[in-house]
Protein chains: 2
Amino acid sequence: MTGWIEAATGLDRIEAAARRRLARLVPVTLDRGTALFHPGEAAKGFIVVLAGRIEVFLTGPSGRDILLYSVEAGGSCVQTTLGLLGGEDYTGEAVAATEVRAVLIPRADFLALMDTSPAFRGFVFTAFAERMQGMLHLLERVAFQRVESRLAAALLDRAEAGEVRATHQELATAIGSAREVVSRRLDAFARSGLVATERGSVILRDSTALARLAAVQD
Amino acid sequence: MTGWIEAATGLDRIEAAARRRLARLVPVTLDRGTALFHPGEAAKGFIVVLAGRIEVFLTGPSGRDILLYSVEAGGSCVQTTLGLLGGEDYTGEAVAATEVRAVLIPRADFLALMDTSPAFRGFVFTAFAERMQGMLHLLERVAFQRVESRLAAALLDRAEAGEVRATHQELATAIGSAREVVSRRLDAFARSGLVATERGSVILRDSTALARLAAVQD
DNA sequence: GGGGTTCTGTGACATGGTCACAGACAGGAC
DNA sequence: GTCCTGTCTGTGACCATGTCACAGAACCCC
């Protein structure tokens, strides 16, 4: 029954008593595409991701949605915590972007750990603080930066070996814009030689120029 | 030296030991307009507002800025906590919107209280969760709602006896838009008989209609 | 009453989001 | 192979919003 705790960055130095409590929990595997929470649903516990990636979206009434953040290995889905601490329901939606291994810490255990384990508290608080920072950044970008800049940043962020495998719609969601706008921007990038586009993927041709665009202030 | 703790909603039921620690701290008074934090400055401690209102803004590179949230009596300026927990500096700016009485809990005391006082932890966590919810809401509104709707909501929110004392610029900041846009919207509202405008104030004439606009989904 | 400051109004323009399509591509059925 | 279907992308039109450049109006302080 040991094993998973060591894999969770930030929990590996937890106190013995807390560790015993956590060790009873069994990780689950979620298929890619599984929705963890639907809007309006109450949180059942605190989720720690061991492997894979969960993406959390905010969905607008018109169906458009925007990527709030993604949770990678070692991270926790902080949204769920809000419910545990007495907040209202949230409108977001969490979806497994890859196959995911995760542990659900039930409400009772979560609260007990918060009271007894400084290391666990630190883990939760750090996660909280990071999300908060991330959301601030997101808000800043959405409110103040142009699509061009956000798109360049998203491309650089998601590139693997100079290629981004994503549809225009996915890119649009990631930066909180609309597909058509992304299509046009990408087209403009392509005409300037910054990228080359294919169905389902974008190949970066001039990362330096993209980085310059991403850094542009306004 | 007692007195202020009772005035802080959420801290009034704190444990005796923690109370003694807090009781040593002396509230300060800040004049209206005082900046609590400038961008890039490290946080000195955890701030609890006893009276008055602090407004926290996110400032864009073009000088435009948007109201992140305001902290009223009993609330704490969570932004400052991020620094205490090892986050990066933030770009926001906190300003006393009225005369403010507040207590600064120094870093060392803050960390000690977090470790020893469940009630204090609850206070901090609740504040955190509420801010998070608020920011989510803000993001949702900025990303998905039209100016018309946000403006109507802001007017209803700030009305006192059917009147909102604020300049167009202030309203624009509150909803994350530009002054000219607010001016035009208000003009449209006025032509429809929803409000009457005067220099430095807006008088609500038809709150029902405004509420309808504020509730519009898209 | 004058002069400076702040607040508001307005036109012109660029960006971005929405709508309505049409075409291009992929993958399976046959 | 051809056909069918669904997904992905491209395009034009239009409206909402943000930005810039001013001008005029209201307020304040001397």
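Computed from Cα positions, the angle between helix A:107-116 and the longest principal axis of chain A comes to roughly 80 degrees. Over region B:146-215, accessible surface divided per residue gives 54 Å², non-protein components excluded, 1.4 Å probe.
Translational diffusion coefficient, Stokes-Einstein: compute it for region B:4-142 using the Kirkwood radius over C-alpha pairs as Rh, at 10 °C and 1.306 mPa s, and state it as an integer in µm² s⁻¹. Taking Rh from Cα pairs, D becomes 103 µm²/s. Distant-in-sequence amide contacts of residue B:69, defined by a placed amide H-H separation under 5 Å and a gap of 5 or more residues or a different chain, comprise B:56.
Within the accessible surface of the protein assembly as shown, defined with a 1.4 Å probe on protein heavy atoms only, the carbon and sulfur portion equals 49 percent. Proximity of backbone amide H atoms, modeled 1.01 Å from N, is registered between residue A:53 and A:97, A:98 at under 5 Å, excluding neighbours fewer than 5 places apart on the same chain. Annotation for the A:B interface, with buried accessible surface near 3700 Å², both sides summed [1.4 Å probe; non-protein components not counted]. The ratio of the alpha-carbon radius of gyration of region A:146-215 to the globular-protein estimate 2.2 N^0.38 Å is 0.93. Rounded to 0.05, the FRET efficiency of the residue A:15 and residue B:211 pair, given R0 = 51 Å and the Cβ-Cβ distance, is 0.50. Relative to its Kirkwood radius, the Cα radius of gyration of the protein assembly as shown gives an Rg/Rh of 0.98. A cut-off of 5 Å between modelled amide H atoms, ignoring neighbours fewer than 5 places along the same chain, links residue B:60 with B:65, B:66.
With contacts taken as Cα pairs under 8 Å at a separation of at least 6 residues, region B:66-218 carries a relative contact order of 24 percent.
Between 0 and 90 degrees, the angle of helix B:147-158 with respect to the longest Cα principal axis of chain B falls at about 60 degrees. The angle between the Cα long axis of helix A:179-191 and the main principal axis of chain A comes to about 50°, on a 0 to 90 degree scale.
The values are calculated or read from the model by the stated rules, or taken from the named source; none is laboratory data. What you are looking at is a predicted structure, and each value in this text was computed from that prediction instead of being measured. FYI the Cβ positions are ideal-geometry reconstructions off the backbone, even for glycines, and counts take in every protein chain you see. Each accessible area value is taken on the protein alone, full model and side chains, heavy atoms only, with ligands, DNA and RNA left out. Shrake-Rupley method; radii C 1.70, N 1.55, O 1.52, S 1.80 Å.
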